[in-house]
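Structure first, then comments.
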Amino acid sequence: MPLNIRGVEIHQHILDRPAQEAMVEELRAVQAAAPLFSPKTRWGKEMSVRMTSAGKYGWYSDARGYRYEARHPDGGAWPPIPPSVLALWHDLTGLARAPDCCLINYYGETARMGLHQDRDEADFTWPVMSVSLGDDGLFRIGNEARGGKTESIWLASGDVAMLTGASRLLHHGIDRIRPGSSTLLARGGRINLTCRVVD
């Protein structure tokens, strides 16, 4: 049974080591086709994570704000979402509908992600699936309105968080990672995959 924190379902160790390694290999192909880049916030500050995407859309941020784009910053189309990621989505959600975007964030030793909501999508009734690979990340879960008390949990490699129903619009983020806590990635760090239905 998954843990339930404020309605967020945490599936611990749902991916074993071979499944994690296979998924990372597929993600390397995505990164080769759509290289990681460092987006800027709408206020002009460079984010500490590097990112890319797969699927119909990629998530993007610059002075114009946060949004989805049909093409990588270099002008190329985003590669398809890897089969292992799609299989996990269908298994956990039970949905025939595939996600439109798989956002891929890479966290180095000092990277973090402030509390935010996933609300650039057209319909918030679709779930959000977040997959952790590599070093542990301290996942903070807040409230729908900004502020108030929060709860945190360390997410390990192979863990999956599902934001569904009332938890879909909760603020959440990564306070820090625990360098060296995983041997999955040769150069260390953490990969987070976030799958969303956009249209």
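Annotations
- Across the range 34-49, coupling constants 3J(HN,Hα) worked out from phi with the 6.51/-1.76/1.60 Karplus curve, θ = phi - 60°, read 9, x, 4, 9, 10, x, 10, 6, 5, 9, x, 8, 6, 5, 7, 8 Hz, and Gly and Pro carry x.
- Other-chain or far-sequence residues with amide H under 5 Å of Val198's (modelled H): Asp100, Cys101
- The amide H of Lys40, built 1.01 Å from its N in the peptide plane, has Met47, Ser61 as neighbours under 5 Å, considering only residues 5 or more places off or on other chains.
- Residue-count net charge about Pro39 - beta-carbon cut-off 12 Å; Lys, Arg +1, Asp, Glu -1: +3
- Take every Cα pair under 8 Å whose residues are at least 6 apart in sequence, average their separation, divide by the length of the range 8-101, and the relative contact order is 24 percent.
- For the range 103-119, the Karplus equation 6.51 cos²θ - 1.76 cosθ + 1.60, evaluated at θ = phi - 60°, returns couplings of 7, 10, 9, 10, 9, x, 4, 9, 6, 8, 9, x, 4, 7, 10, 8, 9 Hz by residue, with Gly and Pro reported as x.
- When the alpha-carbon atoms of the chain are used, the pair Rg, Dmax equals 15.5, 43 angstrom.
- What the phi angles of the range 123-136 give under the Karplus curve with 6.51, -1.76 and 1.60, with θ = phi - 60°, is a coupling list of 9, 7, 7, 6, x, 10, 10, 10, 10, 9, 9, x, 4, 4 Hz, glycine and proline written as x.
- Close amide-amide hydrogen proximity is noted between Ile81 and Gly55, each under 5 Å apart and 5 or more residues distant or on a separate chain (H modeled in the peptide plane; Pro and chain starts excluded).
- Each other residue within a Cβ distance under 9 Å of Lys56 adds +1 if Lys or Arg and -1 if Asp or Glu, for a net charge of -2.
Values quoted throughout were computed directly from the atomic coordinates according to the rules given, and no laboratory measurement underlies them. Fair warning: this is a prediction, and the values are worked out from it, not measured in the lab. Positions of Cβ are backbone-derived with ideal geometry, glycine not excepted, and every protein chain shown enters the neighbour counts.
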